[in-house]
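These notes are about the structure you will find just below.
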Amino acid sequence: MHELKKLSKQELILETQTAIIDERKATTRILRCFREIESRMLYAEFGYSSLYEMATKHFGLSEGSAHRRISAMRLVRDLPEIAEAVEGGTISLTVASMMQDFFRAEKREKKTYAMEDKLALVRKMEGKSKRDCERALRAISPLFETQERERVLSPKAIEVRFVMSPELAAKLAKLKGLLAHRTKGNSTYAKLFEVMAEIVIEEVDPQGKVSEESPAENPTSPARERGVVRRARYIPRKVNRELWRRAGGRCEYVDPETNKRCESKWGLERDHVVPFGQGGSSSSENLRLICRTHNGLAAVQVYGREKMKGYLPALK
Ligand SMILES: [Zn+2]
């Protein structure tokens, strides 16, 4: 910092310019590394449930920074033609990640884009600011919100922002009426979500009341024939409950090298350590609770990358 004081104004401008170019190069390297980590599923091996979790917890990136880099990387992965524009900065990270979010949101709405249409739309955003890009995307899809926002206001308050369709708004309005006896006249969305959460948790949480339907059985693995799934479903409720209690409702994957355990509570599935088809029993000793990601990793380790490519897009 002291050195900078001695620079002439031209030198200072040049120094800044060089630093900006270096930063761009570093970003490009990060995107390429992320892509390699993702295609090898290294985050899963290290006990993380996603690349995003590894980026924030292992590499210490902020949530926004991790999200932008990963989304931009995936856009470039799907559209290699734009790599240069992203790496050169004519398509900013923010715009690239917004485009990726947009295509994902459109896909959820069952709107698919041909590769050349995707490419044409991305090309149109070259040189555009975040705001202009957002405006252009809303003109195509009025409900598009760049990202649902969750912001910690204080240790006791979290603000959440998202956009909903009129249909969902109507359903929530109806629920406000139907649940008025439980919300006790408090007609805010916050109260409504609190009551809804209580009702749903009671319904689906295997750690609470013993539910009729236990969690799904490993759907990504190609070897699980229909009949096997049906037979395996009859894991006694007592065993199921034991399994959930032992796992504490969290994925049980542990990185054999570092002993780091995955913390994911997302989409947990029961997995037979010795496969059911090979005579593995449905006792809790032969079962483990694992998240989607680690289910995928197990499948890759058993069946190989090539076979799993069709099931796991990250392996591209
Ligand atoms: Zn996991």
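Summary table
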| item | result |
| --- | --- |
| Given (1) at pLDDT below 85; (2) under 28 Å from L51 (Cβ atoms), index of the condition Q278 fails | (2) |
| Identity of the residue in segment 146-156, out of contact with any Asp or Glu (no Cβ under 9 Å at 6 or more places or on another chain) and assigned to a loop (DSSP other than H, G, I, E, B), that ends up farthest from S92 (Cα to Cα) | K156 |
| Residue list for segment 161-180, restricted to those being basic (K, R) and part of a helix (DSSP H, G or I) | K171, K174, K176 |
| Wholly within segment 23-115, helices (runs of 4 or more DSSP H) carrying at least 3 residues that are closer than 30 Å to V254 by Cβ | 42-45, 63-78 |
| Residue tally, condition farther than 16 Å from L315 by Cα and within 16 Å of the ligand (Cβ to nearest atom), over segment 1-47 | 2 |
| Residue in segment 51-64 that is under 24 Å from the mean Cα position of the chain (by Cα), surrounded by 17 or more Cβ atoms within 10 Å (Cβ to Cβ) and over 29 Å from K260 (Cα atoms) present | no |
| Odd one out for T146 among (1) in the same structural domain as E63 (by TED's automatic domain parsing); (2) at pLDDT below 85 | (1) |
| Subset of segment 64-115 (residues that are in contact (Cβ under 8 Å) with a residue 60 or more places away in the chain and closer than 25 Å to T18 by Cβ) | E87, G88, G89, L93 |
| Extreme residue, surrounded by the fewest Cβ atoms within 10 Å (Cβ to Cβ), among residues of segment 116-142 that are under 24 Å from the mean Cα position of the chain (by Cα) and part of a loop (DSSP other than H, G, I, E, B) | P142 |
| Qualifying residue in segment 181-192 (condition: of a type in the set (S, T, Y), modelled with pLDDT of 75 or more and assigned to a loop (DSSP other than H, G, I, E, B)) | yes |
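Yes/no matrix, rows are residues, columns are (1) away from the ligand (no atom under 14 Å from the Cβ); (2) touching a strand residue (DSSP E or B) at 6+ places or on another chain (Cβ under 9 Å); (3) at negative phi; (4) free of Cβ contacts under 8 Å to residues at least 60 places away in the same chain:
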residue	(1), (2), (3), (4)
E252	no, yes, yes, yes
R270	no, yes, yes, yes
S283	yes, no, yes, yes
I290	no, yes, yes, yes
H294	no, yes, yes, no
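The values are calculated or read from the model by the stated rules, or taken from the named source; none is laboratory data. Everything numeric here is computed off the predicted structure, so don't read it as measured data. All Cβ positions, even for glycine, are placed from backbone atoms using ideal geometry, and neighbour counts span all protein chains on display.
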